[in-house]
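The values are calculated or read from the model by the stated rules, or taken from the named source; none is laboratory data. Source: prediction; values computed, not measured. Reconstructed Cβ throughout: ideal geometry from the backbone, glycine too, with neighbour counts over all protein chains shown. Ligands, DNA and RNA are stripped out before the accessible areas are found, and what is left, the full protein with its side chains, is counted by its heavy atoms. Shrake-Rupley method; radii C 1.70, N 1.55, O 1.52, S 1.80 Å.
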Amino acid sequence: MPERPSAEPSATDLPDAPSRAGVELVPAEGLAEHDVQQVASLLGRLVDAGAALGWVTAPVTAEIEELVERLAAGAGTGESAAAIARRGDEITGFAYWTRYSRPTFRPHVDIEKVAVAPEAQGRGVGKGLMEALIRAARRHGTEVITLDLRGDNAAAIGLYESLGFTRYGRLPDFVAVGRKRFDTLLYSLDLRR
C-alpha cells in the first residue's frame, strides 16, 4: 500500500472518526421498526431496479427484520457489524459484514451487502458505509476483510480500490440473473499491515 503524503490519518484509521454522510453503526439493540421498513424498502427498490445484491426478487420486510436482528445481536461480540446512512430521517444506505464461521477463517470478515439509494449515489454514502465497517472490523481485531461483487459494477470497483482493497480473483460467468451471466470479482483488504 503506498505511503500517504500527509501525516494526517485517514478516516479508516481513526477509531471514532466523525461519520461521513450521516453514517452510523447499527447498535446491539437493533433498529426501530420504522428504520427496518426503510431498509427493506431501500433494498427492494434496488433489487427491483436490477442491483446486484444477491436477491432476484425484492426481500420482504420480515426477512430484513430477521437479518437486522441477527446483525445487531453479533455487533458486540464482533460476529457482525452493520451500518446505515441517513439523510435527515431517511435511510439512504445499508451495509454489513459477518465473521467467517469456519474455525480457520475466524480472524476474517466478509462484507456481504453494500446498498446505496440511487439519489444518494456519488455523494460519499458508499464510502462512509465502508469506512464505518472497516473501523468496526479493526476494533474487533479482524485481519482480512473480503468481499465479492458483480464484474460489471464499475462504481463499486472504483470505491473498493480507493479504500485499499485489492482484487485476488475472478470467477467467470458465476452470477446468474435469469439467462444472463456475470463475472464475480473477489477483493480483500489486509488490516495486518
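A compact table of results
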read-out: Enumeration of residues in region 84-139 that are touching an Asp or Glu at 6+ places or on another chain (Cβ under 7 Å), among the aromatic types (Phe, Trp, Tyr) and closer than 15 Å to VAL26 by Cβ; value: TYR96, TRP97
read-out: Hits in region 165-193 - residues which are open to solvent by 80 Å² or more (accessible area, probe 1.4 Å) and either in contact with a Pro (Cβ under 7 Å, 6 or more places away or on another chain) or aromatic (Phe, Trp, Tyr) (or both); value: TYR168, PHE174
read-out: Some residue of region 93-101 being hydroxyl-bearing (Ser, Thr, Tyr), free of Cβ contacts under 8 Å to residues at least 40 places away in the same chain, more than 18 Å from ARG45 (Cα to Cα) and not in a strand (DSSP E or B); value: yes
read-out: Sole exception among (1) free of Cβ contacts under 8 Å to residues at least 40 places away in the same chain; (2) surrounded by fewer than 17 Cβ atoms within 10 Å (Cβ to Cβ); (3) of a type in the set (Asp, Glu) for GLU90, by number; value: (1)
read-out: SER162 vs. criteria surrounded by fewer than 19 Cβ atoms within 10 Å (Cβ to Cβ), more than 17 Å from ARG192 (Cα to Cα), of a type outside the set (D, E, K, R) and without any contact (Cβ under 8 Å) to a residue 24 or more places away in the chain; value: no
read-out: Scan of region 21-47 for residues that are among the hydrophobic types (A, V, I, L, M, F, W, C), over 16 Å from ALA136 (Cβ atoms) and exposed (fewer than 15 other Cβ atoms within 10 Å of the Cβ), ordered by number; value: ALA32
read-out: Residue match in region 59-78 (condition: under 25 Å from LEU149 (Cβ atoms) and at pLDDT below 90); value: no
read-out: Leading residue by the ranking (farthest from GLU79 (Cα to Cα)) among those in region 144-157 that are of a type outside the set (S, T, N, Q) and part of a loop (DSSP other than H, G, I, E, B); value: ASP152
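Here's the yes/no breakdown for (1) within 13 Å of ILE111 (Cβ to Cβ); (2) at pLDDT below 95; (3) outside any loop (DSSP other than H, G, I, E, B):
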| residue | (1), (2), (3) |
| --- | --- |
| GLU131 | yes, no, yes |
| ARG138 | no, no, yes |
| THR142 | yes, no, no |
| LEU159 | yes, no, yes |
| ALA176 | no, yes, yes |
